[in-house]
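The block underneath contains the structure these notes are about, expressed in structure tokens.
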Amino acid sequence: QLQGEVKVTGSPSDPDIGGELNFVKASFTPSMVNSEFTLEDERIQFSKKQIDVNDFKIKDKQNNTAILDGKILTEKFQKFTLDLGLSATDFQVINSTEKDNELFYGSVKVTTKAKVTGDINQPVVDMNIKLSDDSNFTFVVPQSEKGVLDQKGIVTWVDRDAKNDPFLASIKPSDTLKSVFKGVDLSANIELNGKETFNIVIDPLTGDKLTVKGNSTLTLDQHPSGDMVLTGRYEISEGTYDFSFYKFIKRKFSIEKGSTIMWAGEPVEAVLDIRAIYEVEASPIELIANQAVDDETLNRYKQRLPFLVYLQIKGDMLAPEISFKIDMKESERDAHNGTVYAKIQDINTRESELNKQVFALLILQRFVSDNPLENQAAADVSNTARQSVSRIMTDQLNRLSENVKGVELTFDVKSYEDYSSGSAQGQTQVQLGVQKSLFDDRLVVKVSGNFDVEGETSTQSSASDYIGDLALEYKLTEDGRFRITGFRNSNYDLISGELIETGAGLIYIKDYNTLRELFKANAKEK
């Protein structure tokens, strides 16, 4: 509620204004920060030469108070000179979620002292800011900015016909409204004591993000034109990095103390130097699979050991360079007379091999041998099938996920004794399927096939060999009652041998409870 009485006398060129405005139980909530502010009983006084703002209190939802105090000098109410002070303790300036603002949100309380000078056309703000210990702020790296950075220098558009454009020629600068507001000249020192939590979402699609705490004194300067410059070195004392593999697998890395984030330009132009660790226990037997050793030694290599996967993030925050390294704790490096650690060091020198082993450790929690269909960790049929299926699915996921999102995966394992040769032969077959819906679920693509992992027919050399069957199904009607399908299936016949069946068909689908309902006409919609 706004109350008061203001009296205006004099001429428009030299007005004499006197009186006051009272805010009584008034409140407002900026949508961007979603934090409610209340004015219980505050007053602004007007006189001929100045506007007085004395002890003007603004309260947040927890009744913490920010006090604005000072005056605004004026010359005939045409020019205004600012002389204001602002102070606050644990004042909540942000209380928002991702729904309120996609780029930044959280719960942030500040303790600050600020001085506002200059004039109303170009305020000058000097302030010191401290964040409360329980502040939690999330910043989402804008993907549009990242896309522009990735494309920078590729194509430059130049409009050579702009001078001859009749629309642009009709615009007269003298007819446009010129704003007298020049912007805010801001200078702020931000002190961080290592208890505040900051989240930086690197990739909103996968959910990869940094969660850090650290110490720093940052300087934020904003030019009246709107350009912002953030400078300072943020040293991380603790934190995590959430790694996701297309939302199927999530792993949490612990960030090493001493990692840094540097600013020397715009806030989005941070330079990262972060090293994070993920510890995993795995059997090293796959690393020495090709070495000639006796069965007793092989069994010892089956013992699980702790391994460290290092994730290194360096460079620009919008497009960081990510690399990996595998290591062992010093107390474990002598295991098996140092042969495992020597193998790890060798892997680190070959990037392709390193990426393969890191991927296996993160996704499968194990190493892989040079031949992905060979398994030394277990010799029984069930374990062979299980380990091979894991490798096949991983390889297939890696290949499909580059271009296809939102696929459905199914698999089954059949293991039996085959006596076609006159003696018992183990036969293990894995059935894999991939399904994807397109065009608002009107088109369904199904890819499936069998992969023999044990037996005489297990001749596949790579995971891509297993795909044999393809089916397409399209809904002719929106309710899916009439559908057309096409298929290509591979089959085996004892007489004809390998057969490839290709065909098409029309499908009619109707739900019914009794047989006579199948022949009834559809009820007309009212």
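Results, tabulated for the structure shown:
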item: Dipole in debye (nearest 20) - segment 1-113, about Cα centre, beta carbon charges: Lys, Arg +1; Asp, Glu -1; result: 160 debye
item: Surface accessible to a 1.4 Å probe, per residue, for the residues of segment 15-105, Å²; result: 58 Å²
item: Residues in segment 42-60 that a label on GLU20 would reach, taking backbone N under 17 Å of a point 7 Å out along Cα→Cβ; result: 42-58
item: Distance violations [Cα-Cα > 18 Å] among LYS61/LYS209; LYS61/LYS213; LYS25/LYS61; result: LYS61/LYS209; LYS61/LYS213
item: Extended-chain gain in nm, criterion 0.36 nm per residue less alpha-carbon gap, ASN299 and THR117; result: 57.8 nm
item: Dipole moment magnitude, nearest 20 debye, segment 197-286 about Cα centre, only Lys, Arg, Asp, Glu C-beta charged; result: 280 debye
item: Pairs beyond 28 Å (Cα-Cα), from LYS59/LYS252; LYS130/LYS329; LYS49/LYS182; result: LYS59/LYS252; LYS130/LYS329
item: Projected-area average for segment 44-90 over all orientations - Cα convex hull basis, square nanometres; result: 3.5 nm²
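The values are calculated or read from the model by the stated rules, or taken from the named source; none is laboratory data. Remember, predicted model here, so these are calculated numbers, not experimental data. We place every Cβ from the backbone using ideal geometry, glycine too, and count neighbours over all the protein chains shown. Ligands, DNA and RNA are stripped out before the accessible areas are found, and what is left, the full protein with its side chains, is counted by its heavy atoms. Shrake-Rupley method; radii C 1.70, N 1.55, O 1.52, S 1.80 Å.
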